[in-house]
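The values are calculated or read from the model by the stated rules, or taken from the named source; none is laboratory data. A quick note: this is a predicted structure, and the numbers were derived from the prediction, not measured. When we count neighbours, we look across all protein chains shown, and the Cβ atoms used for this are built from the backbone with ideal geometry, even at glycine.
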Amino acid sequence: MTATVLETYQSQLESVIGAIPCTDALRRSAMDKALTAGLPTPKDEDWRYSDLKPFRTGAFALSKAAQTSDMPIQYFADKPAARLVFINGQFSEERSDLGTLSDSVRLKTLTNHCQVDTARADDLLEGVDALDYLNTALMRDGIVISVPAGVHVTAPVELINLVTNSAKAATHTRHLIELGENASLTLIEQYVGDATDYWSNPVMQVRMGEGARFDHIRMQSEGSHAVHTGKLYVDLDARATYRGTSIMTGAALSRLEITARILGTGAHADINGAALAAPGQSHDTITRVDHRIPGATSEQIYRTIADKRAKSSFQGKITVAVDAQETAADQSFKALLLDRTGEANAKPELEIFADDVKCSHGATVGELDTSALFYLTSRGIDPDTAQQMLVEAFTGDALIAVEDDDLRNALMDNVSRWMQERSKGGTQ
Amino acid sequence: MIKIDNLHVNVSDKEIIKGLNLEINAGEVHAIMGPNGAGKSTLASTIAGRENYEVTSGSITFDGKDLLELEAHERVGEGIFLGFQYPVEIPGVSNLNFMRTALNGVRRYRGEDDMSAAEFMKLIRVKAADLKMDMDMLKRFVNVGFSGGEKKRNEMVQMAVLDPKFAVLDETDSGLDIDALRTVSDGINAQRRDDTAILLITHYQRLLDYVKPDFVHVLANGKIVKSGGPELALELEEKGYADVA
Ligand SMILES: Nc1ncnc2c1ncn2[C@@H]1O[C@H](COP(=O)(O)OP(=O)(O)O)[C@@H](O)[C@H]1O
Ligand SMILES: [Mg+2]
């Protein structure tokens, strides 16, 4: 069964050969590796909480390239440095607005990647599992943003990944973000789509030079029948600061795997996120924070919510290498079940080989505090608003790395809207 | 204003209020005293409409309306206020946001427009100053890190903002030093008018020195077992509940 699904993917390879010329050999190698690795099974530790049915019941076709779409897009920055829109994994010139971004940074689509002297197929990660390999083998396009040393891109860059008309079809997008020494960038990344049962399988690679700073918002707001399997790889050099906040509300089945490798002293990674699972949705977040050198810090704050028959899981692994003394790594996970039929799973994992470290983790699963609800309603606040206030307060913890007040409020508005939709939906 | 008739209340399938009668008119202040576990807080929560406090028989009529038909927030709209014995801490929700949402919830229930942020700030500054509460505490999360006395003063600020017709104050005096007791009593007396009524639940006579009740009742084992004037409170202080109830 698995072999035939993967063989179908193999047959899709020829249609993308030549799309990004310098990657052809890499694609073929990745496809071979996908066949060898096989699709994930429930026995794979990282997949124990995810429903594999969408992957095993048949292959997804390759989504069809689409130049444009009239689907509305919610933007978060009033004055962005650029708006970059990808439709079904292909850059849309029509809906994008490059602004003045290319004046200060090197900006290109992945399809043009091979034309640049400095860029080679080596920049692209081949992958670590079948889904990465499929992304590498079948990617159509992506953005390559390279911020030169010392350049601060002050306005946020909005990166929109939109999928449309892709029933049982997959989009594999590959984005590369590179920050030179002491460069800085704010990226607001969104995944959105229509109500078809598409598969979105994006990979983002981030490389941060010494002293670089990256503020990263990642919003997974896919259509309600979608499958989303996102990967994010972040490498931090000395004194680099990564401040990442993921907000997951979309898709029927959603996974986000974040791998941060801390490769330089004085680096700091915030890897935070909120996941809000509506009835029947399944959300998984897997983080791996790898401290390889001494004197770096990381902090993870995850807040997840599961409504009726929804499932929300978090697996967070912190590894501290034997030489990585004076590491401080914290992890906090809290889940809130809005209904008894909701489910939350947490699996923190600490692998610490150094002795002089400060590491902590905590995981709790709870329900809305009935005393707090009564207190709020006893002051004249209606029950829907009271629940919304408590959910906002709960989720707010996960947004603390978003320093810009307006942006944080806009993200919180999405949480409020999620609760308002919920109360409108009644008892579905 | 409020009439409680043969009220029976179960909490977790256990009967706590066992046939309670009480009538309070506009302009009156009543005090309920009684031993621990008598059901005083249960009565207060039932009036406020706490979920899972199951009224098995009897009625509560407020200004001619069947109170038991209304949800908790609707009762506030009708003019009921409960000062909590143990005010709840709500991390992540600021006191100001809480009070403004509450006031606007009540205004919406009454078909009035929301109060603007500026107008609200003007109101809250006055009410907080009356109760000697500084603005910093209003910006903090609801009751988080507040001392016992600060929590009770916060309850009184909320009462002042909502300006209820009928306030049930559940042991608002406990845990207060003498200065705070005076401030809180001033807050209660400010709410005492011809068109309002107040039900004080207390253990101690000392609050009643500052807020003089018109009637005093003893609640024991889920019922009002004795009623009288202010002198009953003094008698209880002297003899304890055992002899009286
Ligand atoms: N949530 C609850 N579940 C079960 N029993 C309760 C609950 N709350 C209160 N009780 C019981 O109800 C009785 C009355 O409690 P309470 O109304 O708090 O008394 P008081 O305020 O007079 O001290 C006590 O026996 C108490 O143990
Ligand atoms: Mg009590």
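Could you check B:Gly39 against (1) out of contact with any Gly (no Cβ under 8 Å at 6 or more places or on another chain); (2) within 16 Å of ligand 2 (Cβ to nearest atom) and say which number it fails? The single condition B:Gly39 does not satisfy is (1).
Rundown of residues vs (1) hydrophobic (A, V, I, L, M, F, W, C); (2) within 21 Å of A:Gln388 (Cβ to Cβ), yes/no style:
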| residue | (1), (2) |
| --- | --- |
| B:Arg75 | no, yes |
| B:Glu89 | no, yes |
| B:Ser94 | no, yes |
| B:Gly105 | no, yes |
| B:Ala117 | yes, yes |
| B:Lys127 | no, no |
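Evaluation of B:His30 against the conditions (1) away from ligand 1 (no atom under 11 Å from the Cβ); (2) out of contact with any Asp or Glu (no Cβ under 8 Å at 6 or more places or on another chain) shows that the sole unmet condition is (2).
Each residue in the range A:340-383 was checked for being of a type in the set (Asp, Glu) and surrounded by 15 or more Cβ atoms within 10 Å (Cβ to Cβ), and 3 of them qualify.
Would the range B:22-29 turn up any residue that is within 16 Å of ligand 2 (Cβ to nearest atom), crowded, with 20+ Cβ neighbours inside 10 Å, of a type outside the set (D, E, K, R) and not in a loop (DSSP other than H, G, I, E, B)? So far as the range B:22-29 goes, no, none of its residues is within 16 Å of ligand 2 (Cβ to nearest atom), crowded, with 20+ Cβ neighbours inside 10 Å, of a type outside the set (D, E, K, R) and not in a loop (DSSP other than H, G, I, E, B). For the criterion of being touching a residue at least 60 places away in the same chain (Cβ under 8 Å), farther than 14 Å from B:Glu28 by Cβ and out of contact with any Phe, Trp or Tyr (no Cβ under 7 Å at 6 or more places or on another chain), B:Ala242 fails.
Residues considered: B:Ala117, B:Ala102, B:Ala72. Of these, the only one that is farther than 12 Å from B:Leu162 by Cα, in contact with a Lys or Arg (Cβ under 8 Å, 6 or more places away or on another chain), facing chain A (nearest Cβ under 7 Å) and small (Gly, Ala, Ser) is B:Ala72.
Tell me whether the range B:213-222 contains one or more residues that are farther than 18 Å from B:Val29 by Cα, away from ligand 1 (no atom under 15 Å from the Cβ) and in contact with a strand residue (DSSP E or B) (Cβ under 6 Å, 6 or more places away or on another chain). Within the range B:213-222, not a single residue is farther than 18 Å from B:Val29 by Cα, away from ligand 1 (no atom under 15 Å from the Cβ) and in contact with a strand residue (DSSP E or B) (Cβ under 6 Å, 6 or more places away or on another chain). Within the range B:87-97, being at the interface with chain A (Cβ under 7 Å from one of its Cβ atoms) and buried (at least 19 other Cβ atoms within 10 Å of the Cβ) holds for B:Ile90, B:Val93.
Taken together, the residues in the range A:68-80 that are touching a Lys or Arg at 6+ places or on another chain (Cβ under 9 Å) and either among the charged types (D, E, K, R) or under 28 Å from A:Ser104 (Cβ atoms) (or both) amount to 4.
Filtering B:Asp163, B:Asp179, B:Asp186 for residues that are within 14 Å of chain A (Cβ to nearest Cβ), within 21 Å of B:Val126 (Cα to Cα) and away from ligand 2 (no atom under 14 Å from the Cβ) leaves a single hit, B:Asp163. Checking each residue in the range A:12-42 for being polar (S, T, N, Q) and within 13 Å of A:Met139 (Cα to Cα) picks out A:Gln12, A:Ser15, A:Thr23. When A:Gly211 is tested against (1) out of contact with any Pro (no Cβ under 9 Å at 6 or more places or on another chain); (2) without any contact (Cβ under 8 Å) to a residue 40 or more places away in the chain; (3) in a strand (DSSP E or B), only condition (3) is not met.
Contact map, the range B:20-44: first residue within 14 Å of chain A (Cβ to nearest Cβ), second residue within 6 Å of ligand 1 (Cβ to nearest atom) and aliphatic (A, V, I, L, M), Cβ cut-off under 8 Å, separation 6 or more or different chains; pairs are B:Thr42/B:Val11; B:Thr42/B:Ile16. Please work out if B:Met133 is farther than 23 Å from B:Glu78 by Cβ, modelled with pLDDT of 90 or more, surrounded by fewer than 18 Cβ atoms within 10 Å (Cβ to Cβ) and away from ligand 1 (no atom under 16 Å from the Cβ). Spelling it out, it is not the case that B:Met133 is farther than 23 Å from B:Glu78 by Cβ, modelled with pLDDT of 90 or more, surrounded by fewer than 18 Cβ atoms within 10 Å (Cβ to Cβ) and away from ligand 1 (no atom under 16 Å from the Cβ).
Of everything listed in (1) more than 14 Å from every other protein chain (Cβ to nearest Cβ); (2) over 23 Å from A:Ile301 (Cα atoms), the single unmet condition for A:Thr377 is (1). Within the range A:58-70, how many residues are surrounded by 16 or more Cβ atoms within 10 Å (Cβ to Cβ) and assigned to a loop (DSSP other than H, G, I, E, B)? Selection size over the range A:58-70: 5.
Being in contact with a helix residue (DSSP H, G or I) (Cβ under 8 Å, 6 or more places away or on another chain) and assigned to a helix (DSSP H, G or I) is a condition met by at least one residue of the range A:356-373.
Look at the range B:188-201: where a residue is within 17 Å of B:Val216 (Cβ to Cβ) and a partner is in a helix (DSSP H, G or I) and within 16 Å of ligand 1 (Cβ to nearest atom), sitting 6+ places away or on another chain with Cβ atoms under 7 Å, you get B:Leu200/B:Leu207; B:Ile201/B:Lys40; B:Ile201/B:Ala44. Scanning the range B:43-86 for residues that are of a type in the set (A, V, I, L, M, F, W, C), outside any strand (DSSP E or B), more than 16 Å from ligand 2 (Cβ to nearest atom) and buried (at least 22 other Cβ atoms within 10 Å of the Cβ) returns B:Leu67, B:Ala72, B:Val76.
Out of curiosity, is A:Pro40 within 22 Å of A:Gly230 (Cα to Cα), crowded, with 19+ Cβ neighbours inside 10 Å and not aromatic (Phe, Trp, Tyr)? Against the criterion (within 22 Å of A:Gly230 (Cα to Cα), crowded, with 19+ Cβ neighbours inside 10 Å and not aromatic (Phe, Trp, Tyr)), A:Pro40 qualifies. Candidates are the residues of the range A:21-52 that are assigned to a loop (DSSP other than H, G, I, E, B) and under 15 Å from A:Leu134 (Cβ atoms); the one that is farthest from the chain's Cα centre (by Cα) is A:Gly38.
Restricting attention to the range B:206-222, the residues being within 16 Å of ligand 2 (Cβ to nearest atom) and under 23 Å from B:His8 (Cα atoms) number 6. Evaluating A:Phe314 against the criteria (1) surrounded by 19 or more Cβ atoms within 10 Å (Cβ to Cβ); (2) farther than 29 Å from A:Ala226 by Cβ leaves one unmet condition, (2).
Scanning the range A:226-273 for residues that are part of a loop (DSSP other than H, G, I, E, B) and in contact with a strand residue (DSSP E or B) (Cβ under 9 Å, 6 or more places away or on another chain) gives A:Ala226, A:Asp237, A:Arg239, A:Ala240, A:Thr249, A:Gly250, A:Ala251, A:Ala252, A:Leu263, A:Gly264, A:Gly266, A:Ala267. The selection criterion, being within 14 Å of chain B (Cβ to nearest Cβ), surrounded by fewer than 13 Cβ atoms within 10 Å (Cβ to Cβ) and either within 20 Å of A:Arg218 (Cα to Cα) or modelled with pLDDT of 95 or more (or both), does not hold for A:Gly396. Scanning the range B:198-205 turns up no residue that is within 16 Å of ligand 2 (Cβ to nearest atom), over 14 Å from the mean Cα position of the chain (by Cα) and in a helix (DSSP H, G or I).
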